[in-house]
Amino acid sequence: MAVSGIEHIAISSYDTAALKDWYMDMYGGRVVYDNGKGTYFVQFPDGSMIEFVKAAEDKPADTQKTAGIRHLAFSVSPKAFDEIVAKLKADDRVEEIQDVSENAAGIKTYWYRDVEGNYSHLIYRPEPLA
């Protein structure tokens, strides 16, 4: 018996509707579940999902390397990478953590915090990890 993959990851949010809308505007996806009480699932073309749930309390101060789940990484094509980086940089609510970098293997990353301060990054890999 083996796990077939990660179905979803949840983000606790102060305003789930607004954060869900921001993620959909930034990355696309579609709502596949709305319980009418502020919980949403947004699904991407590969079937992966983000669940947005209401936060019960404030998040303690954290850094990029604080213990626990630290970031979401969004896999994109080279064209989408450049387009989304431009959208992220144009959104003054987004905090840039590390500007675009590209290594010798052609892997590109862009690190940022979303509109509620969650760590994320875009990644383009010419060759998937295997």
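Does region 27-37 contain at least one residue that is among the aliphatic types (A, V, I, L, M) and under 24 Å from L129 (Cβ atoms)? There is no residue in region 27-37 that is among the aliphatic types (A, V, I, L, M) and under 24 Å from L129 (Cβ atoms). Might you check whether a residue that is at pLDDT 95 or above, loosely packed, with under 13 Cβ neighbours inside 10 Å and either under 13 Å from the mean Cα position of the chain (by Cα) or not polar (S, T, N, Q) (or both) occurs anywhere in region 107-118? Within region 107-118 (the criterion being at pLDDT 95 or above, loosely packed, with under 13 Cβ neighbours inside 10 Å and either under 13 Å from the mean Cα position of the chain (by Cα) or not polar (S, T, N, Q) (or both)), the answer is no, since none of the residues qualifies.
Rundown of residues vs (1) touching a residue at least 60 places away in the same chain (Cβ under 8 Å); (2) in the same structural domain as R125 (by TED's automatic domain parsing), yes/no style:
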{"position": "I6", "(1), (2)": "no, no"}
{"position": "I9", "(1), (2)": "yes, no"}
{"position": "V85", "(1), (2)": "no, yes"}
{"position": "Q98", "(1), (2)": "no, yes"}
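Residues in region 49-69 that are within 18 Å of L19 (Cα to Cα) and part of a loop (DSSP other than H, G, I, E, B) were compared, and the one that is modelled with the lowest pLDDT is K59. Residues in region 49-61: is at least one surrounded by 10 or more Cβ atoms within 10 Å (Cβ to Cβ), closer than 23 Å to Y14 by Cα, free of Cβ contacts under 8 Å to residues at least 24 places away in the same chain and not acidic (D, E)? Looking through region 49-61, none of the residues is surrounded by 10 or more Cβ atoms within 10 Å (Cβ to Cβ), closer than 23 Å to Y14 by Cα, free of Cβ contacts under 8 Å to residues at least 24 places away in the same chain and not acidic (D, E). Scanning region 89-130 for residues that are in contact with an Asp or Glu (Cβ under 6 Å, 6 or more places away or on another chain), under 21 Å from I11 (Cβ atoms) and of a type in the set (K, R) yields a count of 1.
For A18, the criteria (1) modelled with pLDDT of 95 or more; (2) outside any helix (DSSP H, G or I); (3) over 15 Å from S120 (Cα atoms); (4) not assigned by TED's automatic domain parsing to the domain that holds Y119 hold in every case but one, which is (2). Can you find a residue that is at pLDDT 95 or above, among the charged types (D, E, K, R), in contact with a strand residue (DSSP E or B) (Cβ under 6 Å, 6 or more places away or on another chain) and farther than 25 Å from S77 by Cα anywhere in region 34-43? Yes, that holds for at least one residue.
Please tell me if A104 is in a loop (DSSP other than H, G, I, E, B), out of contact with any Pro (no Cβ under 7 Å at 6 or more places or on another chain) and over 28 Å from L129 (Cα atoms). It is false that A104 is in a loop (DSSP other than H, G, I, E, B), out of contact with any Pro (no Cβ under 7 Å at 6 or more places or on another chain) and over 28 Å from L129 (Cα atoms).
The values are calculated or read from the model by the stated rules, or taken from the named source; none is laboratory data. Note that the structure is a prediction, hence the values are computed from the model and not measured. Every residue, glycine among them, receives a Cβ derived from its backbone with ideal geometry; neighbour counts consider all protein chains shown.
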